[in-house]
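Visitor: Here it is, the structure, as structure tokens.
The values are calculated or read from the model by the stated rules, or taken from the named source; none is laboratory data. These figures come from a predicted structure and were not determined experimentally. Cβ placement follows ideal geometry from the backbone for every residue including glycine, while neighbour counts extend to all protein chains displayed.
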């Protein structure tokens with residue numbers, strides 16, 4: 001997935017592979033292998049690529065060892081990874097223990113509504129793995145038109161929906177006019 005993200009960002013920035021190779025000192029052949037997913041860049045090379053593309057290193061680093069499934073590719077989920085944005089947190093309460101079975105968690109966020117009950121109850125923590133693509137019916141943290149939502153990602157008939165586990169909360173159909181980002185996967189959900 002890291003190669004796909006590098007190619008996506010480079011193309012969105014209007015930069016050629018030749019120009020990126022020149023700015024980073026990476027051989028264009030090696031850069032081609034990276035973008036095709038045949039090789040991973042070293043951390044130093046990734047930092048140089050991010051500097052040349054003027055994007056935060058950590059956001060692309062989260063995609064380093066991830067793979068894109070055929071279904072994720074068919075729905076274009078990679079286009080909904082926020083490579084140039086970081087999550088803003090307005091309040092800190094301190095540290096909590098990270099369970100061993102959630103070692104890839106980037107952050108824990110306390111749920112402040114009942115939209116995901118009974119899966120995750122109001123007041124419980126959701127452990128988030130940043131920039132992780134979700135499979136159908138997995139729970140994630142999403143940014144939809146500027147609002148953060150915990151929901152289950154559902155794909156059907158070529159469309160993407162965000163579905164609450166609480167039956168009293170309506171599902172949301174993602175439209176082309178929406179600003180939609182996948183922030184990450186919730187690790188402690190079923």
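Visitor: Do we have residue 21 as within 16 Å of residue 3 (Cα to Cα) and modelled with pLDDT of 90 or more here? Steps first, please.
Guide: Numbers: within 16 Å of residue 3 (Cα to Cα): yes; modelled with pLDDT of 90 or more: yes.
Considered against the rule, which asks whether it is within 16 Å of residue 3 (Cα to Cα) and modelled with pLDDT of 90 or more, residue 21 comes out as yes.
Visitor: If you go through region 68-79 one residue at a time, do you hit one that is under 20 Å from residue 138 (Cα atoms) and loosely packed, with under 10 Cβ neighbours inside 10 Å?
Guide: yes
Visitor: If a residue must be surrounded by 19 or more Cβ atoms within 10 Å (Cβ to Cβ) and either more than 25 Å from residue 6 (Cα to Cα) or out of contact with any strand residue (DSSP E or B) (no Cβ under 7 Å at 6 or more places or on another chain) (or both), how many such residues does region 126-153 contain?
Guide: 6
Visitor: Looking at region 110-123, which of its residues are without any contact (Cβ under 8 Å) to a residue 40 or more places away in the chain and either on the phi > 0 side of the Ramachandran plot or surrounded by 14 or more Cβ atoms within 10 Å (Cβ to Cβ) (or both)?
Guide: Within region 110-123, 111, 123 meet the criteria.
Visitor: List every residue pair whose Cβ atoms lie under 8 Å apart, where the two residues are 6 or more positions apart in sequence or sit on different chains, the first residue falls within region 142-165 and is assigned by TED's automatic domain parsing to the domain that holds residue 126 and at positive phi, and the second residue, located anywhere, is buried (at least 17 other Cβ atoms within 10 Å of the Cβ) and part of a strand (DSSP E or B).
Guide: 145/180
Visitor: Kindly list the number of the only condition in (1) under 19 Å from the mean Cα position of the chain (by Cα); (2) over 17 Å from residue 187 (Cα atoms); (3) surrounded by 15 or more Cβ atoms within 10 Å (Cβ to Cβ) that fails for residue 169.
Guide: (1)
Visitor: With (1) touching a strand residue (DSSP E or B) at 6+ places or on another chain (Cβ under 9 Å); (2) within 30 Å of residue 158 (Cα to Cα) as the list, and residue 58 as the residue in question, which single condition is left unmet?
Guide: (2)
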